[in-house]
Amino acid sequence: MDIPLLDLKAQYETIKEEVIAATMEVYESQRFILGPKAEELERKIAAYTQARYAVGVSSGTDALLISLMSAGIGPGDLVVTSPYTFFSTAGSIARLGAIPVFVDIDHLTYNIDPEKLEKRISTMSAEERSRLKAIVPVHLFGQCADMDSIIAVAKSLGIVIIEDAAQAIGAEYNSSDGSLKRAGSVGNYGCFSFFPSKNLGSFGDGGMVTTSDEEAFQRLKIIRVHGSQPKYHHKVIGGCFRLDDLQAAILLVKFNYLDRWTEKRRENACAYRELFARKGIEEIELPFENKGRHIYNQFVIKISHKRDELKRYLTNQGIGCEIYYPVPLHIQECFRYLGYRPEDCPVSIEAAAKTIALPVYPELRYEQIEYIVEKIGTFLKMM
Ligand SMILES: *Cc1c(COP(=O)(O)O)cnc(C)c1O
């Protein structure tokens, strides 16, 4: 049985006619950039994420970049983030001349560890602290970071929070005030990606920034179009960060299915839990779920040894799997100048060595999950 890590063709089959009709509308309108489809998508994403405003941009990476620019982050500024994430979280910080400050992750959620965050900040000199401008928490794999703690730290320092919610559209965390809050609605900025592998994926690149701050919203819209306002008058240096209407048209079709698809992912995660438990497989650590809503962009398990052998075995059995991420950012070659040693973020190093993502996409069938768990059981017996 061949089971890919993600089956976008299967998904396309279910929405083909709608997608073709929606893109035809764009052909007929000949409005390709920041047109009516992009605007409609912005309204829908703002409402969905419980933010007041949303600004469609060219990618998740550009969502991060434009948010950092809007927050005034520049050369010499310090920005705290996680070393265990996709590259662009820290890449965007460094591209602006700012300095990523890596704080290790929690071993259960793989999100930034609030205790280590407080500790790192408490050991900063007054000079360093004066340069600290923002925190970029990542809601990794579709589960929110510990936002209450992060908000408390940011408030006490008077710094900005930019949520990297690229993998977390519709994720919710249980706030200490008892309410469920959505990813992208609690920081000053929320950054989303429509990369095809995300829960809401386009047929190319796309992204969105959410904010509930009117001034930030106005700044983002200006930076998105080269800093121009009115046209050809440039107050600031922005960039080409616009969203295409063709992508927005496709995303609007898919948006109608997003909650159904997310529920399917959550059901698949439950099926894995049930099947691993029934088989009595204890060598595998399943994803930790906080109270709230995990949207399972990835279903990532941990195995204490022979992870690479497991990956090879599953691949040979036709089961798609992937390592997210094999090299934590604090030891990436391009960040060598920052002077980190591997042991500065030991939990990230361990996660990079022991975790592996299994298929969890909405179209995955129960028998396929059974097959995957069966094969993992066989592998463990052979070891
Ligand atoms: C996908 C992703 C991004 C970047 O999004 P793109 O649309 O690919 O530029 C940033 N951060 C995280 C955590 C991601 O998963």
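The values are calculated or read from the model by the stated rules, or taken from the named source; none is laboratory data. As the structure is a prediction and not an experimental result, all values here were calculated from the model. Positions of Cβ are backbone-derived with ideal geometry, glycine not excepted, and every protein chain shown enters the neighbour counts. The protein model used for the area step is the full one, side chains on, heavy atoms only, and it has no ligands, DNA or RNA in it. Shrake-Rupley method; radii C 1.70, N 1.55, O 1.52, S 1.80 Å.
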Scanning region 19-55 for residues that are assigned to a loop (DSSP other than H, G, I, E, B) and basic (Lys, Arg) gives Arg31, Arg52
Among the helices (runs of 4 or more DSSP H) contained in region 307-383, which hold 3 or more residues that are crowded, with 19+ Cβ neighbours inside 10 Å and of a type in the set (Gly, Ala, Ser)? 346-354
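Conditions (1) open to solvent by 40 Å² or more (accessible area, probe 1.4 Å); (2) in contact (Cβ under 8 Å) with a residue 60 or more places away in the chain; (3) within 13 Å of Leu252 (Cα to Cα), marked per residue:
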{"residue": "Gln30", "(1), (2), (3)": "yes, no, no"}
{"residue": "Leu41", "(1), (2), (3)": "no, yes, yes"}
{"residue": "Lys44", "(1), (2), (3)": "yes, yes, yes"}
{"residue": "Gly60", "(1), (2), (3)": "no, yes, no"}
{"residue": "Ala63", "(1), (2), (3)": "no, yes, no"}
{"residue": "Ile66", "(1), (2), (3)": "no, yes, no"}
{"residue": "Ser70", "(1), (2), (3)": "no, yes, no"}
{"residue": "Leu78", "(1), (2), (3)": "no, no, no"}
Among (1) away from the ligand (no atom under 16 Å from the Cβ); (2) closer than 14 Å to Val19 by Cβ, there is one condition Ser228 misses while meeting the rest; what is its number? (2)
From Ile301, Ile281, Ile331, Ile295, grab the single residue that is in contact with a strand residue (DSSP E or B) (Cβ under 8 Å, 6 or more places away or on another chain) and not assigned by TED's automatic domain parsing to the domain that holds Thr81. Ile301
What are the pairs, 6+ residues apart or on separate chains, where a residue within region 135-160 that is farther than 13 Å from Leu117 by Cβ and within 16 Å of the ligand (Cβ to nearest atom) has its Cβ under 7 Å from a residue that is of a type in the set (Val, Ile, Thr) and assigned to a loop (DSSP other than H, G, I, E, B)? Leu140/Thr85; Gly142/Ile295; Gln143/Thr109
